[in-house]
Amino acid sequence: MRMSAKLLLLILLVLGGLLPITATMAQVKRLEAVKTQQSIKIDGNISDAAWQDAPIASDFVKAFPDFGKKSAKRTEVKVLYDDVAVYVAAYMYDDKANIRKQLTQRDVLERQDVDVFSIGFDTYHDRQNAFIFQVSSAGVQGDARQSQTGTSQDNGGFDRSWDAVWISSTRINADGWVAELKIPYSAIRFSKKKVQDWGIQFSRFSRTLNEESTWSPQDPNISGNINQWGDWAGINNIVPPLRLSLLPYLSSGVRVSPTNSGNITEFLKSGGMDVKYGINESFTLDMTLIPDFAQVRSDNIFLNLSPFQVRFDDFRPFFTEGTELFNKAGLFYSRRIGATPGGTQDVLNFADGNPQYSIVKNPGITRLYNATKFSGRTKNNLGIGVLNSVSAPMYAKLRNNSTGKDSSILTEPLTNYNIIVFDQALKNRSSISFTNTNVMRKGNSRNANVSSVDLSFFDKKNNYNLRWMGRYSSIWGNQGNYNGFTSRASFAKVSGKLQFEASTGVESDQYDPNDLGFLQNNNSFNYSGSISYIINKPTKTFLRKSINFNFFNNYLYKPFVWTELEANMNASVVFKNFWDLSLVINTKPFWFNDYFEARTPGVLMKRIPYYFIGTGGSSDSRKKLFVNWFMGFAESQWPNDRYTTLEGGIRYRFNDRLQLSTNWEAQNDRGAWGYSHRDNVSTMVPGYYDPIVSFRKVRTSNLIFSGQYSFTPRMNWTVRLRHNWAHVDHLNFYKLKTDGYWNEIAFQPGLNRNFNAFNIDMFYTWDFKWGSRLTLAWKNALSGNVSINPYDNTSLLKNFGSSLNSPHSNELSLKVVYFIDYLDLKKKKRG
C-alpha cells in the first residue's frame, strides 16, 4: 500500500511538471490595462472624462441557453485602474420595459427577477482562484470567492459568505442600464510585481430572456470556467495598500428558555471586534475577539433514526467566509468549534431524573475566547492558510432545592483548534496540497491530529483528471489511543458531451477525523463508477438534456466482507419555455448487510432489496408564480412496506419589494426497518445488551414558510417559520440472529415516538454604511425538552397545534457592527 502510494505520487508530480498552462484550446481574449490619473465619481453616470478614451470590451457571446451565439443584447464594459482601485463601467443596452429590478438581500441574486452584471478577477493568473463582484439592476451587491476544486463536472466552488467592502451605483436609462463599480485594492489580493496580467471575465444576465452572456466564451462542455477567462494585460506599477480594517460590535438582548423546573431568563450583552490586517501583498490576518454568534439562522433539526451523526450548515460569517483554502481536503467542519458543550445533555438528563435539583445555568453553546485566520497566496501560487481558535471552558450550575447550595459542573474543557494548509497551484489547473488539523483539550481527555495529502492533475487539453488523496489520523489521551488512515484515487473524463469517472477508496476501522472534521462512518473499502451524457445544444423542444448512470459497491475494511451494491440513473431536460423535468431511479438489487444499524460491534442486520423511482420539475422562474415539485415511491420484497415521498414549493412575487414562499416535504415509510432499543439480557456481544429492531411505520413532514421585504438595496426584513414532525409507529419487534436475519418477539407497547421541531427566525438588517450593519433579531423555538404524546397526536394538524401550545424559548437581540478602514482614517487626518 505504501509503495503504490509513493509510486503514484512520483508519476503525478512528473506529469504535473510536463503540463503547460493553457486556458482552453480556444484563443484567449485580451483587454489592455489602462491607468488613469483622473478622478472618477461612482454615481451611475459614466460621462466622466476618464471614461472617454478607455478601451471597450464588447462582442459578448451566449453561455446559456445557446452557447457560442452572439448575445441578443449589446453590452459594453470599460475598465480603468489607478493607485487605489479598479474602476468598472458597464452599459447593458436594452429596452427600459425589459429591465427587471427586484430588490433582494445582498448576495441573493440567483433565480430572482433581476438583471445582473458580474466581473471576475483571477489576480494570480492561476486559472483556479478568483474574486467575483456582482451588481443588479436594482443596485444590490453580490460578491464571492471562487476556487475550482477540479472534481468531475464541477464548475462551482463559490463562497458566497465572503463579503468585501466596495462601492457601486446603478442607473436605468431609456436604452438600458448602467453599473459603475469601484473595487479598492484592499478588497482583493494580488502579487507585488511591477507589471502583471490578471485573468478577467465580464458576464451579463438578462432575466427577460433568461440569457447568460460572457465577454470571453465560456463553453459548458469544458470543465471549469476560470480557465476559460480572458486576460487583463499590462497592469503596471500598482502597490498593494496597507490593508487594515476594524469591525467592532456591540450586542445586547434577552433570552427566555423553558425547563421542567421553570423558565430561565438570560440577559445577553456582549462586545468584541473583528480585525483584518494585510501582513503583505498576499497574506491577510483575520481575528475575531470575543465573537458573538447569536444572530444566525436556526438549525434544521429533525428526528435522526440513523446510527450516524447529523451534519448542519454553519451560518457564522467568520467560519464561512474566505475559508475555501481550509476546506481543500474536506477536513474542516467549522461547527466543531463553538459547538454545544459535550456535557450539556448529561446535565439535562440528571436534572430530569433528580427533581430535588434545578438547573441554574446550562450553556447551549461553547463561547470562544478568540479565533484567528492567516491566509493568502504567494506570487508563485502557493496558498498558505492557518486557522486557530481557543474555546473557553464551560460550566453548568445546579442548585440543590433542599439546601439551596449551588454546584458547578464542567461540561466542556478549554480547547485549542488548529488547521494548517499548503496548496500549490500547478500548471493547467493541477494542484498538490497538504492539510493538518489538530485539537488539544485541557486535562488530556481527548486530543486529535489528522494529516492529509491531496493531488489533482489535468491533461493539456483539460479533458481528463487524475486525483489521489491520503489521510492519517491519530487520537490520544485519557479516553484512549488509536490511529487510522484513508485513501482514495479516481480517474475521470471531465469535458465533452460524454464524461465518466472511476474511483476506489479505503477507510480503516480506526480512521477518525471528527474532532474538527466530519465523517459519518469509517471501516469501508469501495469502488464506484459513473458515466454521463450531456447535450447543451438547444433543439426545437429542449434547451439542455443529460443522463447519468452510476454504481457503488462497498465492503467492510475489517473484517473484509461485502455490504452493499447500489445503482442509480438520473435524467433531466430543460424545455424551451424554461420548465424542467427530471427522472430518478435508484436500486439496491440484492439483500445487503448493515453492520452499523444495530449499534453493536460485529452485529449484522440484513436489509431487504428495493427499488425507487421518482420524478420532479419546476416552472419558469421568471414568472411571479413559481412552483417546483418531486414525487416518488419505493417497493421491496416485503409485503405492505411501500415508501412514498411528495415535495413541493410555491413562491409568489407580489412586486419588486415583497415575495413569499413555502416549501414542504412529506414522507410515508411503511417499511422502515431499524434499531429500536436494547433487551435486558446479553447473549450476542459481551458488555452489550442485545439490540432489538422493529418493523415500523414512519411519517415525516417538513414545512417552511419564508418571506422577504426589501425597503432599499441595503435594508431588508426576512422571516422564516419551520415545523418538522416525525411520528414512529412500531408494528413488530425482532431479535437479530447471528446471520443478520430476524426472529419475531412479543410486541412491546408504549415505544412509539413523536418528534416536533418548531422555530421562527426574524431578522431586520440595515447596512447603514459600506461594511457596517445593524441587525435586530427575534428567534422563537420549541424547547427540546418538550414531549408531545405520540398516541393522542397522530396527525400533522394536531401536532402543529400542540407545538404552538407548548413552551417555547424566545430571544430578542440587537447588534451593531461598524466598519473602520485605516486608509479612510488616514485620509481624514490629512484633510
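A compact table of results
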read-out: Heavy-atom accessible surface of the chain: percent carbon and sulfur, 1.4 Å; value: 57
read-out: Global size of region 58-199 as Cα Rg and Dmax, reported in angstrom; value: 15.7, 46
read-out: Cα-centre dipole for region 333-394 with unit charges at Cβ (Lys and Arg positive, Asp and Glu negative), debye to 20; value: 540
read-out: Euclidean distance of C-alpha centroids, region 268-343 and region 220-237, integer Å; value: 32
read-out: Cα centroid separation - region 454-491 against region 739-778, whole Å; value: 33
read-out: Highest average packing first - 729-736, 705-712, Cβ atoms within 10 Å; value: 729-736, 705-712
read-out: Residue-wise HN-Hα coupling along region 305-318, computed from phi with Karplus coefficients 6.51, -1.76, 1.60 (Hz; x: Gly, Pro); value: 8, 7, x, 10, 6, 9, 9, 10, 5, 9, 10, 8, x, 4
read-out: Calculated P(r) of region 422-546 - Cα pairs past 25 Å, %; value: 44
read-out: Principal semi-axes in Å for region 496-597 [√(5λ), Cα gyration tensor, largest first]; value: 36, 15, 13
read-out: Neighbourhood net charge (9 Å Cβ-Cβ; Lys/Arg +1, Asp/Glu -1) for THR486; value: +1
read-out: Karplus-derived HN-Hα couplings along region 638-645 (A = 6.51, B = -1.76, C = 1.60, θ = phi - 60°), whole Hz, x at Gly and Pro; value: 7, x, 6, 10, 5, 10, 10, 9
read-out: Cα Rg, Dmax (largest Cα-Cα span) when computed across region 672-755, Å; value: 21.7, 68
read-out: For peptides 203-211, 661-669, 396-404, sequence by mean Cβ density within 10 Å, most packed first; value: 203-211, 661-669, 396-404
read-out: Pair-distance profile P(r), taking every C-alpha pair of region 717-831, with 5 angstrom steps and integer %; value: 2, 9, 13, 11, 9, 9, 8, 8, 7, 5, 5, 4, 4, 2, 1, 1, 1, 0
read-out: Rounded to whole Hz, the Karplus (6.51, -1.76, 1.60) HN-Hα couplings of region 226-238, x for glycine and proline; value: 4, 5, 10, 6, x, 10, 9, 9, x, 6, 10, 6, 9
read-out: Mean separation of Cα contacts under 8 Å, 6 or more apart, over the residue count of region 79-125: relative contact order %; value: 24
read-out: Inter-probe distance in nm under a simple model that places probes 7 Å from Cα toward Cβ, at VAL254 and TRP591; value: 6.3
read-out: For region 263-376: rounded, prolate or oblate by the Cα gyration tensor [a/c cutoff 1.5]; value: oblate
read-out: Relative contact order %, region 321-390, counting alpha carbon pairs below 8 Å whose residues are six or more apart; value: 31
read-out: Segments 610-619, 451-460 sorted - mean Cβ within 10 Å per residue, highest first; value: 451-460, 610-619
read-out: Cα coordinate range in region 168-242, projected on the principal axes (Å, largest first); value: 43, 35, 18
read-out: Computed E for GLN27/LEU289 - FRET, C-beta separation, R0 35 angstrom, nearest 0.05; value: 0.10
read-out: Alpha carbon convex hull of region 763-807, volume per residue in cubic angstrom; value: 104
read-out: Proximal aspartates and glutamates relative to LYS361, as straight alpha-carbon distance under 19 Å, when same-chain residues fewer than 8 apart are discounted; value: GLU266, ASP292, ASP346, ASP352, ASP406, GLU412, GLU811
read-out: Extended-chain gain in nm, criterion 0.36 nm per residue less alpha-carbon gap, ALA72 and ALA233; value: 55.2 nm
read-out: Exceeding the 18 Å Cα-Cα cut-off - candidates LYS182/LYS276; LYS62/LYS537; LYS461/LYS493; LYS69/LYS540; LYS537/LYS576; value: LYS182/LYS276
read-out: Normalised contact order of the chain, rounded percent, pairs of Cα under 8 Å and 6 or more residues apart; value: 10
read-out: Per residue solvent-accessible surface (Å²) - the chain, probe of 1.4 Å; value: 45
read-out: Normalised convex hull volume, region 341-410, alpha-carbon set, Å³ per residue; value: 75
read-out: FRET efficiency for LEU382 and ASN436, using Cβ-Cβ distance with R0 set to 22 Å, rounded to 0.05; value: 0.90
read-out: Shape of region 529-688, Cα gyration tensor, a/c cut at 1.5; value: prolate
read-out: Shape call, region 278-345: gyration tensor on alpha carbons, a/c limit 1.5; value: prolate
read-out: Distance between region 702-718 and region 363-434 - C-alpha centres, whole angstrom; value: 32
read-out: Inter-site label distance for LYS192 and SER706 at 7 Å from Cα along Cβ, in nm; value: 4.3
read-out: Kirkwood Rh in Å, taken over the chain so that all alpha-carbon pairs contribute; value: 29.7
read-out: Inter-label distance for ASN789 and SER445, nm, one decimal - labels placed 7 Å from Cα along Cα-to-Cβ; value: 3.9
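The values are calculated or read from the model by the stated rules, or taken from the named source; none is laboratory data. Quick caveat, the model's predicted, so the values are computed rather than measured. Here Cβ is always computed from backbone atoms with ideal geometry, including for glycine, and neighbour counts include all displayed protein chains. Calculation scope for accessible area: heavy atoms of the full protein, side chains included, ligands and nucleic acids excluded. Shrake-Rupley method; radii C 1.70, N 1.55, O 1.52, S 1.80 Å.
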